[in-house]
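The values are calculated or read from the model by the stated rules, or taken from the named source; none is laboratory data. The structure displayed is predicted, hence computed values, not measured ones. Glycine gets a Cβ as well: all are built from the backbone with ideal geometry, and neighbour counts include every protein chain shown.
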Amino acid sequence: MKPMNRFWISITVLILAALTCTYPSTPTIVPAVEVSPTTTTLPPTIAVVVPTSTDASASTTEVIQHESIPGELPDSRRSYAADQDSFITSTEKRAPSGDRFTFGRYERPFNGINMDLYFLEIDILETASYHDDTWIYFVIIVRGLDSNQELSGKYAIEIDADIDGRGDWLLIVSKPTSNDWTTDGMEVWFDSNNDVGGSLSVTADDQSQGNGYDTKIFSHGTGDDPDLAWGRVAPGQPTTIQLAVKSSLLGTNGVYMAGAWAGNDMLDPSLFDLNDHFTHEQAGSSLTELEFYYPIKAVAEIDNTCRVAVGFQPSGGEPGLCPLDSGDSCLPSEEVCVDTPYGPNCFCPNK
């Protein structure tokens, strides 16, 4: 090789070496290596939480151990009341009767304003109660199921334990689906400051804006007694909701008044009594004959029944009392009727 050629080769090698030092080389790809958890150290302020529930608000699931579960309802009922069937006039966008806002009675299984949606699943037809040594059972029968063939509403029993017209307890089951007794969806509320009903119990008064049922003592199986309250859809009766609560909640005398409720968002414990949170003008009416108030407005998609007397003979003037005995415990000729602000109340004096 000629000396000149060797010279240029040497120069070329030096230039290539300089370029190698100036620019980065192609990165080397290192295969991923699985690191054993035992070799990983986290800062002391970081905790690893593995959710065990589909509820986004819960990080753990507590298994509730139940010791006392309701059974089948007794054969003999303690109370019964029927309610208006709005299905028969639903195409006319009205209720047949029973909507008395001033006296706390609602027959409104319709949407507000247009009243072009009728909710079979919250139109109550009948309610009843049964007792055994441990449980008080309540039954609510509605007109039908929703478009998905479900009971998608809220179903409640309001209990007046001291017969003063002000509800004391509210039992609610939401969207029941199981034919077995379950605490899922069950809540029990209490009025701790006795402001349900405002200045005048049951009757619309001065818009007192009380806070209604303000204390939730039981929720889905949690509370001082995890077995306190249960709900289910009656086996073989898809439009019948059953609730059970321990009789110890009301004491040992078994004396109270109770009424049934069904609804959607308007069935809110904090809004009792409804006619103390809305004016009649705001609430509207489902009765076309009340032209000034018709149609339903703010207070929509809700239904309730009058209250039945349990464990005592009513005098006829108890607030919210059913206007007549819907049961068949005596012949009509044996009934005694007393006039009340809500209409005649008839009962069997020897029963």
Could we say that Val202 is in a loop (DSSP other than H, G, I, E, B), β-branched (Val, Ile, Thr) and either within 19 Å of the chain's Cα centre (by Cα) or under 22 Å from Glu301 (Cβ atoms) (or both) here?
yes
Residue count, the range 94-138, condition of a type in the set (Ser, Thr, Tyr), in a strand (DSSP E or B) and either buried (at least 24 other Cβ atoms within 10 Å of the Cβ) or in contact with a Cys (Cβ under 7 Å, 6 or more places away or on another chain) (or both), comes to 1
Residue count, the range 143-175, condition buried (at least 24 other Cβ atoms within 10 Å of the Cβ) and part of a loop (DSSP other than H, G, I, E, B), comes to 3
Taking Asp195, is it of a type in the set (Asp, Glu) and surrounded by 16 or more Cβ atoms within 10 Å (Cβ to Cβ)?
yes
Inspect all residues belonging to the range 161-174 and state whether any of them is at positive phi and either basic (Lys, Arg) or within 17 Å of the chain's Cα centre (by Cα) (or both).
-> no
Filter pass, Leu228 being under 18 Å from the mean Cα position of the chain (by Cα) and surrounded by 15 or more Cβ atoms within 10 Å (Cβ to Cβ)
yes
Filtering the range 296-321 for residues that are crowded, with 21+ Cβ neighbours inside 10 Å and not charged (D, E, K, R) leaves a count of 12
Here the residues within the range 75-93 that are farther than 15 Å from Ile124 by Cα, modelled with pLDDT of 95 or more and either in a loop (DSSP other than H, G, I, E, B) or touching an Asp or Glu at 6+ places or on another chain (Cβ under 6 Å) (or both) are Lys93
Cβ pairs under 9 Å, 6+ apart or interchain, first in the range 313-330 and modelled with pLDDT under 85, second assigned to a loop (DSSP other than H, G, I, E, B) and among the acidic types (Asp, Glu), ordered by first then second residue, are Leu324/Glu335; Asp325/Glu335
Within the range 240-288, residues acidic (Asp, Glu), assigned to a loop (DSSP other than H, G, I, E, B) and under 21 Å from Ser201 (Cα atoms) come out as Asp268, Asp273
Of the candidates Gly112, Gly98, the one satisfying the condition of being modelled with pLDDT under 95 and closer than 20 Å to Asn304 by Cβ is Gly98
Counting only residues in the range 60-88 that are surrounded by 18 or more Cβ atoms within 10 Å (Cβ to Cβ) and of a type in the set (S, T, N, Q), the one nearest to Lys246 (Cα to Cα) is identified as Ser79
